[in-house]
1. Over the range 7-64, what is the mean sequence separation of C-alpha contacts under 8 Å (at least six apart), divided by residue count, expressed as relative contact order in percent?
2. Mind listing P(r) for the range 7-64? All alpha-carbon pairs, 10 Å bins, whole percents.
Amino acid sequence: MMKYELVIYWSEPDKAFIAEVPELPGCAADGATYEKVVKNVQRVIAEWIETARELGRDIPEPRGRLMFARSLRTLGEGRNATTRRIASDL
């Protein structure tokens with residue numbers, strides 16, 4: 001089981017959910033439903049790690065909740081508000 005943090009948001013132009021993995025540069029996936037985007041991003045994470053290994057690159061250890069999400073929570077916003085705020089900034 002991969003424990004990387006995901007940022008999931010709805011993209012109106014794409015008409016799809018987008019999942020980004022901030023700890024793995026360039027690692028993202030899309031899906032028509034929330035469940036589908038999570039399934040897709042799990043596959044993409046595995047492929048990202050496999051490719052990094054093949055190229056001899058470092059693979060970051062999952063850090064859990066990232067700093068920017070943590071600092072938004074300390075400002076009094078809940079987790080859902082944090083996700084909405086991040087999504088609106090993209």
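1. Reported as a whole number, the value is 22 percent.
2. Each 10 Å bin holds this share of Cα pairs: 24, 48, 23, 5.
Any read-out appearing in this document is the output of simple, stated calculations on the displayed coordinates, not a laboratory observation. Since the structure is predicted, the reported quantities are computational estimates derived from the model, not experimental observations.
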